[in-house]
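Have a look at the structure below before the remarks.
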Amino acid sequence: MVKEGSLSKSGVSPLIATVLIIGFTVILAVLIINWGTDFFKTVQEDTSETTEIQFVCVNDLRFDISSAKCLTDPVTGVKGLEVNVNNNGGIRIEDIFMRYESKSGESSDTFVRQEQKVEPFKSYLMVVDNIGTDIGGIKPDEPAFIEMFVSVNVGGVIHGCDAVVQTFGNRNGEPFEGC
């Protein structure tokens, strides 16, 4: 028979408890430092890549629109837009994106894209067919204003330089020649 109060309760000694707490803390600290190192390395690489892209777009890319005029196919009557794009910078243009507005303020709500490479210090005559037909739900039949941006190759990857926008014409102004 066991007397009341004679059972001894045993637990972890204070010394072992302290060693376990310190061990868990060290393991947790190593995991956090390892995760933090990978996280900051990724952030640094992403920031470096973004900075390089912005630097190329702002410093190496130079392009302008020297002319724009409307064309009409004599057989079909389909209108087109002819735009002369000059690459005045030291980097090749990979793609050209253009949005246009009519003198009434209607605009194509999507960009017209041409996969056209324009070498440095060369020009490209961009022809867009079907001006005046339904592009993006709007029918701008008298183009008067163009917005254009391009993409370039940085580090083997094509990036849009949408912060560098060139314009030609006058919003709500006279349509381009031939319209």
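Restricting Ser67, Ser8 to residues that are among the hydroxyl-bearing types (Ser, Thr, Tyr) and either modelled with pLDDT under 90 or in contact with a helix residue (DSSP H, G or I) (Cβ under 9 Å, 6 or more places away or on another chain) (or both) narrows the list to Ser8. For the range 157-179, filtering for residues that are hydrophobic (A, V, I, L, M, F, W, C) and either exposed (fewer than 12 other Cβ atoms within 10 Å of the Cβ) or farther than 17 Å from Val83 by Cα (or both) leaves 5. Does Glu101 meet the test of being at pLDDT 90 or above, of a type in the set (Asp, Glu) and within 25 Å of the chain's Cα centre (by Cα)? Spelling it out, it is not the case that Glu101 is at pLDDT 90 or above, of a type in the set (Asp, Glu) and within 25 Å of the chain's Cα centre (by Cα).
Residues being of a type in the set (S, T, N, Q) and touching a Ser or Thr at 6+ places or on another chain (Cβ under 9 Å) are represented in the range 73-85 by at least one member. Selection of strands (runs of 3 or more DSSP E) fully inside the range 6-105 by the criterion of at least 2 residues being of a type in the set (Ser, Thr, Tyr) returns 63-72, 93-102. Every test in (1) surrounded by 15 or more Cβ atoms within 10 Å (Cβ to Cβ); (2) in contact with a strand residue (DSSP E or B) (Cβ under 6 Å, 6 or more places away or on another chain); (3) at pLDDT 85 or above is passed by Arg62 save one, and that test is (2). Every condition in (1) closer than 26 Å to Asn170 by Cβ; (2) exposed (fewer than 14 other Cβ atoms within 10 Å of the Cβ) is met by Val83 except one, and the failing one is (2).
The values are calculated or read from the model by the stated rules, or taken from the named source; none is laboratory data. Just so it is clear, the model here is predicted, and its values are computed rather than measured. Here Cβ is always computed from backbone atoms with ideal geometry, including for glycine, and neighbour counts include all displayed protein chains.
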